[in-house]
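> Structure below; questions to follow.
The values are calculated or read from the model by the stated rules, or taken from the named source; none is laboratory data. Just so it is clear, the structure is predicted and the values come from calculations on it, not from any experiment. For neighbour counting, all protein chains shown are included, and Cβ atoms are generated from backbone atoms with ideal geometry for every residue, glycine included. The area values use the complete protein model at the heavy-atom level, side chains included, leaving out ligands, DNA and RNA. Shrake-Rupley method; radii C 1.70, N 1.55, O 1.52, S 1.80 Å.
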Amino acid sequence: MFALPFFFQNIFALALSVLGSSIPDLDHPIKGRRVSLIFLIGVLILIIFYLLGLPYLIGVLLMILAMIFYFSRHRGFSHSILGIFILSILLTLLVISSYFLFRDFGADERESLALILAFSGLMFINRKILIPFTLLGILGVLFTPFPGLNLYNIMGPFLLGFVSHVILDLYTHSGVKFLRPFSTRTFKKGLGGFLIIIWIICAGYSIMHTFF
């Protein structure tokens, strides 16, 4: 919903926003097995690609992401403004690196996007929504136009996904330490309301710019 006004016809971007909204809670202790699996897959990719002489940045990025979530407390770094930007940058690099890797192996643009969604879904999406996410995402990128690979279409959806997740958590009883590590102050629905107002203004501008 948060990404829709900005990426109305960009199914790939909307799928990335779903990824962004799902990823922050990998810092929860019950996700430890998933985080360990991501790290292990990253190690395997790093070793195999290195031995084959292929770019192994994907493996390095998966390992870094896993370590961030492993050492983060729940609703800690991944729910802070600094964490949102750093994780969005890492995920953007992961998507771009994967895209060019698949293209080097002969996949066309849409096939590369579909493979990225399938791979990312397996890594990060909750098992309860994995099948609809994968099916709808793959069908969407195969049969709808893609505006192009750039920071707006990749990093933008991740940022919106992260922010939407944090806003919901701001309305919980425990709130969020949004400025960590610079401040330990806990923010709650006041900040949530402010961020929603900012989103409404930006969404309204985007809609006006798109349709008028």
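> In region 83-93, what residues are open to solvent by 10 Å² or more (accessible area, probe 1.4 Å) and either within 19 Å of TYR56 (Cα to Cα) or under 9 Å from the mean Cα position of the chain (by Cα) (or both)?
Result: ILE89, LEU90, LEU93.
> Something else about it: If you scan region 56-72, which residues turn out to be open to solvent by 50 Å² or more (accessible area, probe 1.4 Å) and under 22 Å from GLY83 (Cα atoms)?
Within region 56-72, the subset open to solvent by 50 Å² or more (accessible area, probe 1.4 Å) is 56-57, 64, 67, 70-71.
LEU57, ILE64, MET67, TYR70, PHE71 - these are the residues of region 56-72 that are open to solvent by 50 Å² or more (accessible area, probe 1.4 Å) and under 22 Å from GLY83 (Cα atoms).
> Also: Please count how many residues of region 101-113 are assigned to a helix (DSSP H, G or I) and either under 21 Å from TYR50 (Cα atoms) or open to solvent by less than 10 Å² (accessible area, probe 1.4 Å) (or both).
Residues meeting the conditions: 6.
Okay, residues lined up against (1) modelled with pLDDT of 90 or more; (2) among the polar types (S, T, N, Q); (3) more than 17 Å from the chain's Cα centre (by Cα):
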site: TYR99; (1), (2), (3): yes, no, no
site: ILE116; (1), (2), (3): yes, no, no
site: GLY121; (1), (2), (3): yes, no, no
site: PHE124; (1), (2), (3): yes, no, no
site: LYS128; (1), (2), (3): no, no, yes
site: ILE131; (1), (2), (3): yes, no, yes
site: PRO145; (1), (2), (3): no, no, yes
site: MET155; (1), (2), (3): yes, no, no
site: LEU160; (1), (2), (3): yes, no, no
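> Taking only region 40-55 into account, find how many residues are open to solvent by 70 Å² or more (accessible area, probe 1.4 Å) and not aliphatic (A, V, I, L, M).
2
> Among the numbered criteria (1) touching a Ser or Thr at 6+ places or on another chain (Cβ under 7 Å); (2) over 18 Å from ILE89 (Cβ atoms), which single criterion is violated by ILE41?
(1)
> Is region 144-153 home to any residue that is of a type in the set (Gly, Ala, Ser) and in contact (Cβ under 8 Å) with a residue 12 or more places away in the chain?
No: zero hits.
> Go through (1) over 15 Å from the mean Cα position of the chain (by Cα); (2) surrounded by 21 or more Cβ atoms within 10 Å (Cβ to Cβ); (3) of a type in the set (Val, Ile, Thr) one by one and return the number of the condition VAL18 breaks.
That leaves (1) as the condition not met.
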